[in-house]
Amino acid sequence: MRTETTAPAPVPPTVTWGLLAAWMLNDAEELATTARFSGMPQRRVGVAIGLMGCVVTAASAAGARTGGRSRFFRTAVTAFGLHGVTHLASAAVLGRYTPGVATAPTVVIPYALWAARRMRAAGVPLTDGEVRGTVLRGLGLAAVTTATVQGIAWLATRDGRGRHAD
């Protein structure tokens with residue numbers, strides 16, 4: 001008796017590349033507002049956002065290549081959703097607009113929740129069976145990546161005499 005096994009359906013490209021699209025919308029808001037609200041030079045903001053875009057593009061590509069099964073992609077979706085929560089928290093703590101808060105509840109968090117549902121429907125768990133570990137990996141990825149791109153942007157935007165110019 002022959003039994004056929006079917007491979008699980010891949011997560012659709014709208015989910016994997018949707019991470020990049022949602023990130024672009026959120027970071028367009030951040031690009032337009034961060035320098036004004038933080039005092040950081042606009043050039044440094046642009047470099048940091050561009051570098052982060054490389055990371056998000058790599059995560060989306062890994063997701064597309066593996067049908068959404070890449071741990072990097074799944075962790076990036078988690079990190080992105082948590083990133084949206086931090087936007088809301090920072091605005092609540094400061095009691096004012098903060099860069100990224102407009103697209104956090106309208107793009108970032110809805111995308112992350114939708115992606116998690118679509119992944120689950122395709123048989124791809126967002127977690128590796130342990131939510132706390134997934135959240136910690138997501139927070140770690142967000143923190144390390146943010147610190148790294150900010151550091152590189154800081155170094156890249158110095159002039160020949162080591163000063164920062166906008």
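The values are calculated or read from the model by the stated rules, or taken from the named source; none is laboratory data. Treat the numbers as computed from the prediction; the structure is a model and nothing was measured. Please note: Cβ atoms are built from the backbone with ideal geometry, for glycine as well, and neighbour counts cover all protein chains shown. All accessible areas refer to the heavy atoms of the entire protein, side chains included, with ligands and DNA or RNA removed. Shrake-Rupley method; radii C 1.70, N 1.55, O 1.52, S 1.80 Å.
Take G18 and tell me if it is more than 30 Å from R158 (Cβ to Cβ), modelled with pLDDT of 95 or more, open to solvent by less than 20 Å² (accessible area, probe 1.4 Å) and not aliphatic (A, V, I, L, M). Yes. T127 meets the conditions (1) surrounded by 16 or more Cβ atoms within 10 Å (Cβ to Cβ); (2) at pLDDT 80 or above; (3) more than 17 Å from M52 (Cβ to Cβ); (4) over 14 Å from the mean Cα position of the chain (by Cα) in every case but one. The failed one is (2). Here A61 does not fit the description of being assigned to a helix (DSSP H, G or I), at pLDDT 95 or above and surrounded by fewer than 15 Cβ atoms within 10 Å (Cβ to Cβ).
Suppose the filter is of a type in the set (S, T, Y) and over 17 Å from P110 (Cα atoms); does T16 pass it? Considered against the rule, which asks whether it is of a type in the set (S, T, Y) and over 17 Å from P110 (Cα atoms), T16 comes out as no. If you take the residues of segment 64-110 that are open to solvent by 50 Å² or more (accessible area, probe 1.4 Å), assigned to a loop (DSSP other than H, G, I, E, B) and not small (G, A, S), which of them is modelled with the lowest pLDDT? Per the criteria, the residue is R69. Taken over segment 111-124, residues that are buried (at least 18 other Cβ atoms within 10 Å of the Cβ) and among the aliphatic types (A, V, I, L, M) amount to 5.
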